[in-house]
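The values are calculated or read from the model by the stated rules, or taken from the named source; none is laboratory data. Remember, predicted model here, so these are calculated numbers, not experimental data. When we count neighbours, we look across all protein chains shown, and the Cβ atoms used for this are built from the backbone with ideal geometry, even at glycine. Only protein heavy atoms, including side chains, enter the accessible area calculation; ligands, DNA and RNA are left aside. Shrake-Rupley method; radii C 1.70, N 1.55, O 1.52, S 1.80 Å.
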Amino acid sequence: MADNGGCVLLDTRAFDEFINQKETLVRRYDAINTKYDKLVSDLLDDWSGRGAQAFASDAEKVKANISGIYDILKIMCDTLTDCKEIFSECDRSLGEYNRNPGV
């Protein structure tokens, strides 16, 4: 929030910049996820035995964490969008106040 010559302003540009990057973040996540799956698959195609089984088990745990990152990313983006809507409502209210201060 800033004071601009007697008017109270909310600067939401940082919100907009991040929200506009959401699709890029999702695409990058998808690329990492796909590459991880391929690497694990390629390794296990040419590997057998107890070591391979242990690796596969660990890889499943890592995969669960990678999936968790997507959930966090989605929640973060959704929360930021909700916050932006709240800020927009506050901005409209402040605009009305700035047009008629003290009324």
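This table checks each residue for (1) more than 30 Å from residue 23 (Cα to Cα); (2) not small (Gly, Ala, Ser).
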{"site": "45", "(1), (2)": "yes, yes"}
{"site": "48", "(1), (2)": "yes, no"}
{"site": "58", "(1), (2)": "no, yes"}
{"site": "66", "(1), (2)": "no, yes"}
{"site": "70", "(1), (2)": "no, yes"}
{"site": "76", "(1), (2)": "no, yes"}
{"site": "87", "(1), (2)": "no, yes"}
{"site": "93", "(1), (2)": "yes, no"}
{"site": "102", "(1), (2)": "yes, no"}
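For the stretch 12-24, a residue qualifies if it is of a type outside the set (Lys, Arg) and either modelled with pLDDT of 90 or more or open to solvent by 90 Å² or more (accessible area, probe 1.4 Å) (or both), and the qualifying residues are 17, 20, 21, 23, 24. Within the stretch 70-103, the set of residues being of a type in the set (Val, Ile, Thr), open to solvent by 70 Å² or more (accessible area, probe 1.4 Å) and either touching a helix residue (DSSP H, G or I) at 6+ places or on another chain (Cβ under 7 Å) or outside any helix (DSSP H, G or I) (or both) comprises 103 only. Only residues that are under 30 Å from residue 75 (Cβ atoms) and either modelled with pLDDT under 95 or of a type outside the set (A, V, I, L, M, F, W, C) (or both) were counted in the stretch 32-54, giving 8. For the stretch 45-61, filtering for residues that are under 22 Å from residue 33 (Cβ atoms) and either open to solvent by less than 40 Å² (accessible area, probe 1.4 Å) or in contact with a Phe, Trp or Tyr (Cβ under 6 Å, 6 or more places away or on another chain) (or both) leaves 3.
Here residue 15 meets each of (1) of a type outside the set (D, E, K, R); (2) touching a residue at least 40 places away in the same chain (Cβ under 8 Å); (3) not in a helix (DSSP H, G or I) with one exception, condition (3).
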